[in-house]
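Here, each number is a calculation from the coordinates, and none is a lab measurement. As the structure is a computational prediction, the values presented were derived from the model and not from experiment. All Cβ positions, glycine included, derive from the backbone under ideal geometry; neighbour counts span all protein chains shown.
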There are 4 protein chains.
Amino acid sequence: MGSSFGQLFRLSTWGESHGGGVGVVVDGCPPRIPLCEADLQVDLDRRRPGQSEVTTPRNEADRAEILSGTFEGLTLGTPIAVLVRNQDHRPEAYSEMAEKFRPSHADYTYQAKYGIRNWQGGGRSSARETIGRVAAAAIAKKVIAAQFAPELEILPYVESIGALRANVDTSRVTREMIESNIVRTGDPDFVEPMIDLIKRVRGEGNSVGGVVACVIRNVPVGLGMPVFDRLEADLAKGMLSLPATKGFEIGSGFAGTEMTGREHNDAFRMKEGRVRTLTNRSGGVQGGISNGEDLFFRVAFKPTATIMTEQDTVSNAFEDTELKGRGRHDACVLPRAVPMVEAMAALVLVDHMLRQRALCGGGTVCP
Amino acid sequence: MGSSFGQLFRLSTWGESHGGGVGVVVDGCPPRIPLCEADLQVDLDRRRPGQSEVTTPRNEADRAEILSGTFEGLTLGTPIAVLVRNQDHRPEAYSEMAEKFRPSHADYTYQAKYGIRNWQGGGRSSARETIGRVAAAAIAKKVIAAQFAPELEILPYVESIGALRANVDTSRVTREMIESNIVRTGDPDFVEPMIDLIKRVRGEGNSVGGVVACVIRNVPVGLGMPVFDRLEADLAKGMLSLPATKGFEIGSGFAGTEMTGREHNDAFRMKEGRVRTLTNRSGGVQGGISNGEDLFFRVAFKPTATIMTEQDTVSNAFEDTELKGRGRHDACVLPRAVPMVEAMAALVLVDHMLRQRALCGGGTVCP
Amino acid sequence: MGSSFGQLFRLSTWGESHGGGVGVVVDGCPPRIPLCEADLQVDLDRRRPGQSEVTTPRNEADRAEILSGTFEGLTLGTPIAVLVRNQDHRPEAYSEMAEKFRPSHADYTYQAKYGIRNWQGGGRSSARETIGRVAAAAIAKKVIAAQFAPELEILPYVESIGALRANVDTSRVTREMIESNIVRTGDPDFVEPMIDLIKRVRGEGNSVGGVVACVIRNVPVGLGMPVFDRLEADLAKGMLSLPATKGFEIGSGFAGTEMTGREHNDAFRMKEGRVRTLTNRSGGVQGGISNGEDLFFRVAFKPTATIMTEQDTVSNAFEDTELKGRGRHDACVLPRAVPMVEAMAALVLVDHMLRQRALCGGGTVCP
Amino acid sequence: MGSSFGQLFRLSTWGESHGGGVGVVVDGCPPRIPLCEADLQVDLDRRRPGQSEVTTPRNEADRAEILSGTFEGLTLGTPIAVLVRNQDHRPEAYSEMAEKFRPSHADYTYQAKYGIRNWQGGGRSSARETIGRVAAAAIAKKVIAAQFAPELEILPYVESIGALRANVDTSRVTREMIESNIVRTGDPDFVEPMIDLIKRVRGEGNSVGGVVACVIRNVPVGLGMPVFDRLEADLAKGMLSLPATKGFEIGSGFAGTEMTGREHNDAFRMKEGRVRTLTNRSGGVQGGISNGEDLFFRVAFKPTATIMTEQDTVSNAFEDTELKGRGRHDACVLPRAVPMVEAMAALVLVDHMLRQRALCGGGTVCP
């Protein structure tokens, strides 16, 4: 229970950090979408460890094999299974963790919940689990482009690392700007300071958190369901399901709570025959449903829990002890979090597109 | 689609602001739980309009009738249907809104999505929909107390209204402190200033937002599922499904992103035979699973969209126009948001308790 | 758990035989479908007790009230709640059943499962629960006609009562033929014998079973999902979820097991530009998916469990005892089972129509 | 959509007959259940092709690899992924089927639904898909034995092939009797005649159908949910989701429709301190819930559609043509259907056991 996501475009991820591999089954992908393994690899490469000097040195090629659901380069409408074998695992680095719970990690809670845990590399709580999400989202993006919104662009970027907060013009940021630097920030002036900060905390055996912001352009009007499956509710769930996340806000977010209604409301005006808002404090959703403006939200990532300095903790035998981290870890998850945020956004959107097509037949009756 | 919540303790709400009524069906409530209508009424009274001088004057008694699922004062294990009739509706106050979309409200997005809307009182997007949630949560709290965690306490309170931020000691706040004042803040010094602020903005035909914080004590260890149904992911979804919410953070939240791992990690120590953490930046969850510490999270509410001053907007005929709000509305939703946040927290918790009992048989193997 | 049906057109029924009432919430009905209470009443009247001399004399008008989800005569796309109050209940007729379990009824199993039961009138196991299904299906049929298959006709009829088996030409049977007689058989020659049989067994304080057959014409090609949600699997589930059912077969059914492949296969031939089969032993489904031929299936209903003669049973105190039925019951459920079978068929079909529209966008690429 | 089954013990199968392989992901398996690949292989070997002279000669070892969800021989509580590679595929045997639709097979309906199909070996409609179900059910049976009903026995057997109907005493049949003969019938006198019949029809390029009966002993009281998820409804769905099935009946089934209530009702009597019925026409369920008697049901399998003689059909270009089957196929699916029926029964039972534990905490309050 808990490893599936989506109502209609439904993915089920599986796999532990150190086991036979990780993967995903996607049930509900429409038929006749062009799909090959290279389509997945682009995003898996953006997610994979060892991709740059600011990510963990664990060296995984993360080569995806599509086991089912396609035929002669097209999706069949049947479940698509994707497998990525684990290769560079070093369980010996975790032998001490077999005996002790890492502070602020999932070791203790898994043990308490299940009475058992795979202590090698965090097992299921490892960020390797997100491989399945990224692969599924690569498929989702092809569906969106082919059948629903060819112009839709999902653009997450690193807004801050620690106290370094970039100045990004969300209306102008491009994928090229973001992907051209290894921290994936949208502000060229902050690339070097951010790289330096990550290297410095890593040098100290420490870690650091940050914020990923995400703008999504050319979103169709009418996505999201009233009440429980509001678009922002599903986005919040998707984002808070990513490892190390501690917060989500959309549009004006927490800052908006200090405004009055008069300051905060987004006035409507007709522009080029479409209903538009003059401002976008709503972040693209009103009443849980997209209004055609840019979706804009922010996600908080805590500093990596596994650090290389001695910490107080408790052993499997429930005695006080100390633990010093080993293994290969990101000192800052933010650069690799960008494709993960993108993946969850794509998965939420494609699911709501299919739901809207089921319920209302596609299209909108408003300009 | 979108009006149900929960995997095992599953509620389906229905109803519009101005129609036959609103209500809920709860499927999955365990049998033999004592339950009568008075159990629901306590919380419905905390949620209802017209309860104090800082809430909307719409006068609804919100009397709940239990239509099914109980027998001789006990739950049967079968669906519990609850009905609340609408009484004090005044659709005439909404006649202008039949023709125009209220800025930052759901009018336009519902029309665009469905090609139709009940323009009276916001229809399904009205806060009246939360009656069903509050009634279901009253049942959930009885289940939690009877079968899972008798000492568990859910304590949401108003932390801020506009720029007024109360100083609340989360380890000491009590239900009495919160419920003894009509704004439901946890800091006596802020009661009068907050009341004054609400009255002032209302007097100006304006509105104001704020933050509800929530602490939950005596949470069992082991609630929450790895990966997608992490406890914080389901809490985030539940909170962002409430009307007017724009953000959610748990534990250290956005502020925690500026810390290093060494500062942020919660060291483990044995205390009175139990595994405890010395700090609680995790907010009570690690790896998506409760660790037995207090759950602590915050929810951002935007200023009410319906204000009594002229605003630019667009008509049903898609022409630019102006609109001045009418009808009876909260100038600040925060005092009534407190029982709503409590409801969603209880609904998430009971569902995960049932899921844990299904999967692991109840109890935890760790101290 | 267990009181909801459908993935996209999702109904949740609630209510006991002797309580505040019974009803249903339908979530997932498309917007802008004309709908009023009279639309539901037609089918509720075909289902209601007391409708003829061969049904139970319990006199319930079964007037449906639509509480939400419509506006000015059209569906809103939001949940539709329907309420039917119980009126002619006589719990005193059940006082002996409070102490004893009726043989082959749900009394003992409910008690064993839940540790509690509403012994008045069978509680949730009463056929009154099907009111919610029939109301929801009336909505489903309007959706099918408006958006998917205007010519589709669902024609269930009584094929046999006890050993009396009617000869019905499924290709010619009409709704008029079925509804023109109170047993709802499709063969005029069997109307009187069937009425006589029901009256005779009722006179003896006994009961009798039978078979409902159902033909569905003008079914779109392509409904049903491979593997678990095959169209016949969902039909089987729907039919076996009706009270008193013991069997389901589609197309050639059990008789077909005695044939060879050469005899059984349905040859394809082009006819008037469409792919057709020359025979229909498949019953309209191949590989779990409709092929455009008539759907044809049969449902077995056992004799009513509540009979008016003394039977051996066990008491609440778990001692051997005897029980003689009281209360008002159908001596034969078949005439009233016809609208119930029709309801479940409509609910399965509309759900698969919405699912097909979500996945494949509507329409078929084959003639 | 449509490739998942179960609410709590949830499996998702994937894979085509001729592709990278087939497999399953099981989400919701309780932790700390001993599990290794050999546990799965026993049942996969009973299902695999080429196992005897009466099954298809396609030679697949069907070796299962567990990719995740176990650690040191125990389940982790996280998703269990199982992979079986396809090996002996011969797509060239299907080249004619690329151009023509096999009568009574899924070729046409898949093409009509999706606009594409994997024509090699039936793609997703192949019986190879059931590998995932059999593997998942092997896990389910370990869960049932370890946590719910150690004495529970699921005993399906071949009751008839064509017109040959075995005489089996359901109260005495044993797994040894069934598994000791290659047709898996429960009556030694029918083994040779059944083998001869299968060989004869195969020799004629023809095929034959039959019935699998299933008795399940030592079923806990209280499994099954009222209304839609009645135990027999979920069994019916599970069975009708198997390839080539056309009917399901439980207890007295279709034959019971000819009885009166007085003949049909199962009288209750106390026996050895337990509530028992003197007869079992109910087939072990009353009101949708197990009553502790043996579950007994029957499943109809049609003759295999792929036969080796010329048949009328239609081409991809929608023109009349003829087709003679090729490839390797079972002339009678019954012997291999036995482990498939067993699998679906186990999957339905384990799911309802978990649901009952969630809702009622386990155990029954009745003797």
Look at the axis of the rotation that sends chain A onto chain C, then give the chain A residue with the nearest Cβ and the distance in whole Å. A:A358, 2
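I need the semi-axes of the equivalent ellipsoid of the protein assembly as shown: take the C-alpha gyration tensor, multiply each eigenvalue by 5, square-root it, list largest first in whole angstrom.
Values: eigenvalues 485, 285, 200 Å².
With the √(5λ) rule applied to the protein assembly as shown, the semi-axes are 49, 38, 32 Å.
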Other-chain or far-sequence residues with amide H under 5 Å of D:I289's (modelled H): D:L231
Can you check what the net charge comes to around D:T75, using other residues whose Cβ is under 10 Å from the Cβ of D:T75 (Lys, Arg +1; Asp, Glu -1)? +2
At 7 Å along the Cα-to-beta-carbon direction for both D:A146 and B:L278, put a label point, then send me their distance in nm to one decimal. 3.8 nm
Compute and list, largest first, the equivalent-ellipsoid semi-axes of chain A from the alpha carbon gyration tensor, each √(5λ) rounded to a whole angstrom. 35, 25, 19
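Relative contact order for chain C using alpha-carbon pairs under 8 Å, separation at least 6, rounded to a whole percent?
Numbers: 755 pairs, mean separation 79.6, N = 367.
Relative contact order here is 22 percent.
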Using θ = phi - 60° and the Karplus curve 6.51 cos²θ - 1.76 cosθ + 1.60, what whole-Hz ³J(HN,Hα) does each residue of segment B:53-59 get, with Gly and Pro shown as x? 6, 9, 10, 4, x, 3, 9
Checking understanding here: applying a Kyte-Doolittle mean of at least -0.5 and a length along the axis of at least 24 Å (C-alpha), which whole DSSP H helices in chain C pass? C:334-360
Magnitude of the Cβ-charge dipole of the protein assembly as shown, K/R +1 and D/E -1, about the Cα centre, nearest 20 debye? 0 debye
Would you mind listing the distances between the B:Q87 label point and the same position in each other copy? Use 7 Å along Cα-to-C-beta, nm, one decimal, shortest first. 2.6, 7.1, 7.5
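For A:24-30, what's the mean count of beta carbons from other chains sitting within 10 Å of each residue's beta carbon?
Details: counts 2, 11, 2, 9, 8, 2, 6.
Across the residues of A:24-30, the mean count of other-chain Cβ atoms within 10 Å is 6.
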From the Cα centre of segment B:96-164 to that of segment B:235-265, the distance in Å is 21 Å
Of A:279-286, C:88-95, ordering from highest average Cβ density within 10 Å down gives A:279-286, C:88-95
Note, segment D:216-221: 3J(HN,Hα) by Karplus (6.51, -1.76, 1.60, θ = phi - 60°), whole Hz, Gly/Pro = x, goes 10, 9, 6, 7, x, 5
In terms of the charge dipole of segment D:4-360, which places +1 on Lys and Arg and -1 on Asp and Glu at the beta carbon, the residue among D:G50, D:V201, D:M177 farthest towards the positive end is D:M177
In Hz, Karplus ³J(HN,Hα) per residue of segment B:9-21 (6.51, -1.76, 1.60; θ = phi - 60°; x = Gly, Pro): 8, 10, 10, 10, 8, 8, x, 10, 4, 10, x, x, x
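Ranking request for peptides D:129-135, B:55-61: highest mean number of other beta-carbon atoms within 10 Å first, then the rest in descending order. Present the calculation step by step, with values, prior to reporting the outcome.
On the way: D:129-135: 28.1, B:55-61: 17.1.
In descending order of packing, they fall as D:129-135, B:55-61.
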Between copies, how far apart are the B:A255 label points? List them in nm, one decimal, shortest first, with each point 7 Å from Cα toward Cβ, please? 1.8, 7.5, 7.7
If I model a spin label as a point 7 Å beyond the Cα along the Cα-Cβ vector, how far apart are those points for C:E99 and C:K199 in nm? 3.7 nm
Search the structure for amide H atoms under 5 Å from the amide H of D:V314, placed 1.01 Å from N in the peptide plane, and list their residues when 5 or more places away or on another chain. C:F268, D:F101, D:T321
Using a label point 7 Å beyond Cα on the Cα-Cβ vector, give me the inter-copy distances for C:S171 in nanometres, one decimal, shortest first. 4.9, 6.9, 8.4
For segment D:97-186: span of alpha carbons on each principal axis (Å, largest first): 50, 38, 19
Long-range amide H contacts for D:L295: which residues qualify at under 5 Å (H placed 1.01 Å from N, peptide plane, sequence gap of 5 or more or a different chain)? D:I216, D:V219
For D:309-317, mean number of other protein chain Cβ atoms within 10 Å: 4
Scattering curve values for segment D:204-296, log₁₀ I(q)/I(0), Debye with Cα scatterers, q = 0.11, 0.12 Å⁻¹: -0.38, -0.44
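Given Cβ point charges of +1 (Lys, Arg) and -1 (Asp, Glu) and nothing else, what value in debye, to the nearest 20, does the dipole of chain C about its Cα centre take?
On the way: 43 positive and 46 negative charges, 132 e Å.
Using Cβ point charges on Lys, Arg, Asp and Glu, chain C gives about 640 debye.
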Highest mean first, how do A:265-276, D:231-242 rank when packing is the count of other Cβ atoms within 10 Å averaged over residues? D:231-242, A:265-276
Pairs to check: A:K199/A:K302; C:K246/D:K324; B:K324/C:K142. Give those whose C-alpha atoms are more than 28 Å from each other in this structure. C:K246/D:K324; B:K324/C:K142
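To the nearest whole number, what is the average tally of beta carbon atoms from other chains within 10 Å of the beta carbons of peptide B:212-225?
Details: counts 1, 0, 0, 0, 0, 0, 0, 0, 1, 5, 7, 2, 3, 9.
Across the residues of B:212-225, the mean count of other-chain Cβ atoms within 10 Å is 2.
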Just report the Cα centroid separation between segment C:325-367 and segment A:196-228, whole Å. 46 Å
Qualifying lysines (Cα of each under 20 Å from Cα of A:K113; at least 8 residues distant if same chain): A:K100, B:K271
